[in-house]
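The values are calculated or read from the model by the stated rules, or taken from the named source; none is laboratory data. This one's a predicted model, so the numbers in the text were calculated from it and none came from an experiment. Using ideal geometry, Cβ is built from the backbone for each residue, glycine included, and neighbour counts are taken over all protein chains shown.
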Amino acid sequence: MKHHTLRLLPALVGMAFSGSALAAGFQLQNQNGAGTSTAYAGAAASAEDASTIFFNPAGMTYLPLGHSLSLGGTVIDRSVKFRDTGTTPMPVINPLTGLPTGAFHPVGDNGGDGGGASLVPAFFYSYAISPALRAGLGVSVTYGSETEYGDNFAGRFSGRYTSIHQININPSLAYRINDMISIGGGINFAKSEIEFRQNAPFVGAPLGVLKGDDTAWGYNLGAMFQLTPETRIGVSYRSKIKFKLEGNQTVEAPINLHQAITAELETPDNFSLAISQKIGDRLELLADATWTGWSSVNALTPIVAATGQRATAPLRYNFNNTWRFGLGAKYRLNDAWSLRAGVAYDETPVPDDASRTMTVPDSDRTWLAFGARWHLSKTLSLDMGYAHIFFKDASTARAVMNTTETATLQTVHGDFKTKADLYSLQLNYNF
């Protein structure tokens with residue numbers, strides 16, 4: 001019995017990557033408000049406000065002397081709709097024997113819209129210790145939002161609800177070596193809290209709930225090269241962060257299970273190469289290529305905390321490494337207004353339909369963005385941005401396996417249609 005119900009844990013861990021994740025895979029791209037208007041193109045070379053702490057800490061050396069503060073937020077309105085195309089019925093499992101009873105659960109329906117609206121805040125502060133040395137602090141949500149389908153969702157035995165909140169605290173330092181080269185680095189302290197719900201295939205389809213959390217450490221490094229007064233290149237690297245989630249699992253009657261659980265989760269590392277190119281006094285072009293090491297997410301294995309033994313078969317993702325490409329522009333209309341626009345393309349790490357889960361219906365996506373910066377004074381500015389994200393239609397043929405991975409209990413067949421709109425504001429103040 002325990003082996004069957006503990007199949008819920010890998011799905012819980014997998015949800016740490018989903019929610020409103022709007023970079024390829026499961027990362028939350030929206031680490032500031034200003035970047036939305038350019039689809040985050042060239043973020044590692046931009047260095048126009050304190051949010052450079054996240055994208056490339058070396059950029060702090062390009063900020064004004066004194067204090068630089070950026071406070072932003074993005075509202076993400078995401079729609080995720082599933083259409084069943086032939087999901088097979090889930091057999092009713094006898095909790096005493098772990099074997100099918102001969103009866104089947106109803107397949108269910110499309111589950112409604114699994115998306116919703118969420119607010120993603122971000123705070124960044126930088127201080128000039130000297131003209132060459134800067135210190136800063138960033139606080140942002142690297143993963144977070146909710147995905148929820150209806151109670152009778154056809155994929156409810158694979159995943160029905162998730163909530164994740166992961167906050168990253170990023171103290172950083174930067175140093176200008178000379179007029180051409182600046183370097184920077186930071187420490188990342190991350191806290192992750194996750195809740196997951198899905199139905200277990202026993203009599204009555206009881207609801208299983210898992211809650212887990214952990215804190216972990218990572219780091220990020222960056223460098224900027226001012227090749228000419230018009231041309232700047234930025235490179236940045238963000239490390240993997242490994243979590244050991246600890247929490248509890250409960251399953252409703254007739255199972256009546258409550259026990260401690262653990263699972264390891266390692267977020268991928270990434271590397272970005274970006275360029276900022278000024279053309280004349282008014283136009284600035286931005287571009288980037290970003291690699292993410294998603295192959296580190298292959299399979300997630302649940303562990304019984306009391307025994308240290310593997311609880312059930314792993315949840316297999318089989319992710320591939322991915323690339324992101326962005327192109328943006330900024331145009332200074334006058335002393336008060338700068339206009340922005342950008343496009344970007346993100347690959348998905350999901351290799352095929354069989355690897356696409358209910359809780360991670362990821363697909364290739366294209367960003368189209370525009371916005372503006374309003375200079376209210378020499379020290380105060382306001383960024384406004386909007387982006388629409390077009391997701392490629394995707395399908396799933398996801399097998400729900402038994403504990404030993406020797407038999408398929410159910411195969412969820414369906415199509416996903418996903419889209420998202422982003423609305424951002426960011427206030428910048430230098431003093």
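If a residue must be of a type in the set (Gly, Ala, Ser) and surrounded by fewer than 19 Cβ atoms within 10 Å (Cβ to Cβ), how many such residues does the stretch 373-391 contain? Working first, answer last.
Keep residues of the stretch 373-391 that are of a type in the set (Gly, Ala, Ser), which gives 377, 381, 385, 387.
Adding the requirement that they be surrounded by fewer than 19 Cβ atoms within 10 Å (Cβ to Cβ) leaves 377.
Of the residues in the stretch 373-391, 1 are of a type in the set (Gly, Ala, Ser) and surrounded by fewer than 19 Cβ atoms within 10 Å (Cβ to Cβ).
Let me spell it out: the conditions are (1) surrounded by fewer than 16 Cβ atoms within 10 Å (Cβ to Cβ); (2) farther than 15 Å from Asn152 by Cα, and Gly115 meets all of them except one. Which number is the exception?
(1)
On the basis of being assigned to a strand (DSSP E or B), touching a residue at least 24 places away in the same chain (Cβ under 8 Å) and under 24 Å from Met358 (Cα atoms), does Val107 make the cut? Before you say what the answer is, go through the steps one by one.
Working: assigned to a strand (DSSP E or B): no; touching a residue at least 24 places away in the same chain (Cβ under 8 Å): yes; under 24 Å from Met358 (Cα atoms): yes.
So Val107 does not fit the description; no.
Out of all the residues in the stretch 182-195, is one or more in contact (Cβ under 8 Å) with a residue 12 or more places away in the chain, part of a loop (DSSP other than H, G, I, E, B) and over 30 Å from Asp84 (Cα atoms)? Give the steps one after another, and end with the answer.
Our first condition is that a residue be in contact (Cβ under 8 Å) with a residue 12 or more places away in the chain; within the stretch 182-195, this holds for 182-195.
In the following step, the residues that additionally are part of a loop (DSSP other than H, G, I, E, B) were identified as none.
No, because not a single residue in the stretch 182-195 is in contact (Cβ under 8 Å) with a residue 12 or more places away in the chain, part of a loop (DSSP other than H, G, I, E, B) and over 30 Å from Asp84 (Cα atoms).
Taking the stretch 252-262 as the region of interest, how many residues are over 17 Å from Thr215 (Cα atoms) and surrounded by 15 or more Cβ atoms within 10 Å (Cβ to Cβ)? Before the answer, list the steps.
Filtering the stretch 252-262 for residues over 17 Å from Thr215 (Cα atoms) gives 252-260.
Keeping just the survivors that are surrounded by 15 or more Cβ atoms within 10 Å (Cβ to Cβ) gives 252, 255, 257, 259.
Going through the stretch 252-262 one residue at a time, the tally reaches 4.
Residues to consider are Met401, Met358; find the one that is within 27 Å of Ala154 (Cα to Cα), among the hydrophobic types (A, V, I, L, M, F, W, C) and surrounded by 22 or more Cβ atoms within 10 Å (Cβ to Cβ).
Details: Met401 fails: surrounded by 22 or more Cβ atoms within 10 Å (Cβ to Cβ).
Among Met401, Met358, only Met358 is within 27 Å of Ala154 (Cα to Cα), among the hydrophobic types (A, V, I, L, M, F, W, C) and surrounded by 22 or more Cβ atoms within 10 Å (Cβ to Cβ).
Name the residue, out of Gly138, Gly102, that is crowded, with 16+ Cβ neighbours inside 10 Å and part of a strand (DSSP E or B).
Numbers: Gly102 fails: crowded, with 16+ Cβ neighbours inside 10 Å.
Exactly one of Gly138, Gly102 is crowded, with 16+ Cβ neighbours inside 10 Å and part of a strand (DSSP E or B), namely Gly138.
If we keep just the residues of the stretch 159-181 that are part of a loop (DSSP other than H, G, I, E, B) and within 26 Å of the chain's Cα centre (by Cα), which is surrounded by the most Cβ atoms within 10 Å (Cβ to Cβ)? First the steps, then the outcome.
We begin by selecting, within the stretch 159-181, every residue part of a loop (DSSP other than H, G, I, E, B); these are 159-160, 177-180.
Narrowing further to those that are within 26 Å of the chain's Cα centre (by Cα): 159-160.
Details: Gly159: 28, Arg160: 25.
This residue is Gly159.
Yes or no: the stretch 143-158 includes at least one residue that is surrounded by 24 or more Cβ atoms within 10 Å (Cβ to Cβ), modelled with pLDDT of 90 or more, in a strand (DSSP E or B) and under 21 Å from the mean Cα position of the chain (by Cα).
no
With the structure loaded, tell me whether Ser338 is crowded, with 16+ Cβ neighbours inside 10 Å, within 23 Å of Thr418 (Cβ to Cβ) and of a type in the set (Gly, Ala, Ser) or whether it fails that test. Walk me through it before giving the result.
Values: crowded, with 16+ Cβ neighbours inside 10 Å: yes; within 23 Å of Thr418 (Cβ to Cβ): no; of a type in the set (Gly, Ala, Ser): yes.
Against the criterion (crowded, with 16+ Cβ neighbours inside 10 Å, within 23 Å of Thr418 (Cβ to Cβ) and of a type in the set (Gly, Ala, Ser)), Ser338 does not qualify.
Taking the conditions exactly as written (surrounded by 17 or more Cβ atoms within 10 Å (Cβ to Cβ), modelled with pLDDT of 95 or more and over 30 Å from Asp415 (Cα atoms)), does Gly328 satisfy them or not?
Details: surrounded by 17 or more Cβ atoms within 10 Å (Cβ to Cβ): yes; modelled with pLDDT of 95 or more: yes; over 30 Å from Asp415 (Cα atoms): yes.
So Gly328 passes the test.
Could you list, in sequence order, all residues of the stretch 284-299 that are closer than 12 Å to Leu265 by Cα and surrounded by fewer than 22 Cβ atoms within 10 Å (Cβ to Cβ)?
Correct list: Ser296, Asn298, Ala299.
Out of everything in the stretch 300-314 that is of a type in the set (S, T, N, Q) and surrounded by fewer than 14 Cβ atoms within 10 Å (Cβ to Cβ), what residue ends up being modelled with the highest pLDDT?
Within the stretch 300-314, the subset of a type in the set (S, T, N, Q) is 301, 307, 309, 312.
Subset that is surrounded by fewer than 14 Cβ atoms within 10 Å (Cβ to Cβ): 307, 309.
On the way: Thr307: 88, Gln309: 78.
Here the residue is Thr307.
Within the stretch 172-187, work out how many residues are closer than 13 Å to Gly234 by Cα and of a type in the set (Val, Ile, Thr).
Number satisfying all stated conditions: 2.
Have a look at Ala289, Ala253, Ala341 and point out the one that is in contact (Cβ under 8 Å) with a residue 40 or more places away in the chain and either touching a strand residue (DSSP E or B) at 6+ places or on another chain (Cβ under 7 Å) or part of a strand (DSSP E or B) (or both). So that I can check it myself, show each step before the final result.
Numbers: Ala289 fails: in contact (Cβ under 8 Å) with a residue 40 or more places away in the chain; Ala253 fails: either touching a strand residue (DSSP E or B) at 6+ places or on another chain (Cβ under 7 Å) or part of a strand (DSSP E or B) (or both).
The conditions single out Ala341.
Can you tell me which residue in the stretch 57-112 is modelled with the highest pLDDT, limited to those that are closer than 23 Å to Arg365 by Cβ and β-branched (Val, Ile, Thr)?
Thr85
Report, by residue number, each residue of the stretch 419-431 that is out of contact with any helix residue (DSSP H, G or I) (no Cβ under 8 Å at 6 or more places or on another chain), modelled with pLDDT of 95 or more and buried (at least 19 other Cβ atoms within 10 Å of the Cβ).
Once the filter is applied, which keeps residues that are out of contact with any helix residue (DSSP H, G or I) (no Cβ under 8 Å at 6 or more places or on another chain), modelled with pLDDT of 95 or more and buried (at least 19 other Cβ atoms within 10 Å of the Cβ), the stretch 419-431 yields only Asn430.
For the stretch 126-142, give me each residue that is within 21 Å of the chain's Cα centre (by Cα) and farther than 16 Å from Gly116 by Cβ. Reasoning before the result, please.
Step one: list which residues in the stretch 126-142 are within 21 Å of the chain's Cα centre (by Cα), which gives 137-142.
Result: Leu137, Gly138, Val139, Ser140, Thr142.
Among (1) free of Cβ contacts under 8 Å to residues at least 12 places away in the same chain; (2) in contact with an Asp or Glu (Cβ under 7 Å, 6 or more places away or on another chain), there is one condition Leu99 misses while meeting the rest; what is its number?
It fails just one condition, (2).
Residues checked against (1) surrounded by fewer than 19 Cβ atoms within 10 Å (Cβ to Cβ); (2) in contact with a Gly (Cβ under 8 Å, 6 or more places away or on another chain); (3) over 24 Å from Gly342 (Cβ atoms):
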site	(1), (2), (3)
Leu221	yes, yes, yes
Glu230	yes, no, no
Ile233	yes, no, no
Tyr237	yes, yes, no
Glu264	yes, no, yes
Phe271	yes, no, no
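Restricting attention to the stretch 401-426, which residues are over 19 Å from His105 (Cα atoms), touching a residue at least 60 places away in the same chain (Cβ under 8 Å) and assigned to a loop (DSSP other than H, G, I, E, B)?
To start, the set of residues in the stretch 401-426 that are over 19 Å from His105 (Cα atoms) comprises 404-406, 415-426.
Subsequent filtering for residues that are touching a residue at least 60 places away in the same chain (Cβ under 8 Å) retains 404-405, 415-426.
Thr404, Glu405, listed by residue number.
Which numbered condition in (1) in contact with a Leu (Cβ under 8 Å, 6 or more places away or on another chain); (2) surrounded by fewer than 21 Cβ atoms within 10 Å (Cβ to Cβ); (3) of a type in the set (Ser, Thr, Tyr) is the only one that Tyr317 fails?
Of everything listed in (1) in contact with a Leu (Cβ under 8 Å, 6 or more places away or on another chain); (2) surrounded by fewer than 21 Cβ atoms within 10 Å (Cβ to Cβ); (3) of a type in the set (Ser, Thr, Tyr), Tyr317 misses just condition (2).
Condition (residue is assigned to a strand (DSSP E or B) and within 28 Å of Met90 (Cβ to Cβ)) applied to the stretch 370-385: is it met by at least one residue?
no
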